[in-house]
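Inspection log for the structure reproduced underneath, given as structure tokens.
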Amino acid sequence: MDTGYISALAALAGSTIGGFTSLAASWLSQNAQTKAQRFQEDLHRRQDLYKNFIEEASKLYADAWQSGEPAVPDLVQIYALITRMRVLSSRRIVEAADQVGRTILAQYRAPNRNLLEIDRIIDDSSMNPLRDFGDACRDELRRMGGRSIVLRE
């Protein structure tokens, strides 16, 4: 075989290997970036879901202290958020959210409270139905992110 052919085949093989290596590296890099982006989107989706639940549950719980008649659309909204959590979140978070919902319903059935009564018990940590939920969310988000996470504004 002519040495010219050997040189040409070696150059062609080197070029093919180099192109394949470049393509593989590019594909792996793009794949890693896509996974990181999906992870961040999932993290933000959970943060938004937990934030919305906390805001809605807080409003309903405050209303339950003053009223015996819940607004049905607001209750439906809370249970819709809990159902979304069933898809995205850990069992601990779903159980804590369910407990918040049960606490709100129980408070609607309880006697109404006036401002002085609310003021006396507001410092009682057992009166915060969102404490366990918040702890569960913080633990899950830290586990996912590997660092302290603050719910987005």
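The values are calculated or read from the model by the stated rules, or taken from the named source; none is laboratory data. Predicted model only: the values in this text are computed from it and were never measured. Cβ: placed from backbone, ideal geometry, glycine included. Neighbour counts: every protein chain shown.
Residues that are among the polar types (S, T, N, Q) and at pLDDT below 80 were ranked within segment 1-52; the one that is farthest from residue 91 (Cα to Cα) is 3. Taken over segment 63-102, the criterion of being among the basic types (Lys, Arg), closer than 20 Å to residue 113 by Cα and surrounded by 14 or more Cβ atoms within 10 Å (Cβ to Cβ) is satisfied by no residue.
Annotation note: of 71, 64, 36, the sole residue that is over 24 Å from residue 131 (Cα atoms) and of a type in the set (A, V, I, L, M, F, W, C) is 36.
Within segment 43-62, restricting attention to residues that are touching a residue at least 60 places away in the same chain (Cβ under 8 Å) and loosely packed, with under 13 Cβ neighbours inside 10 Å, the residue that is nearest to residue 77 (Cα to Cα) is 48. Has segment 30-40 got at least one residue that is among the charged types (D, E, K, R) and within 30 Å of residue 98 (Cβ to Cβ)? Scanning segment 30-40, I find at least one residue that is among the charged types (D, E, K, R) and within 30 Å of residue 98 (Cβ to Cβ), so the answer is yes.
Remark: residue 26 matches the filter, which requires a residue to be in a helix (DSSP H, G or I) and farther than 17 Å from residue 134 by Cα.
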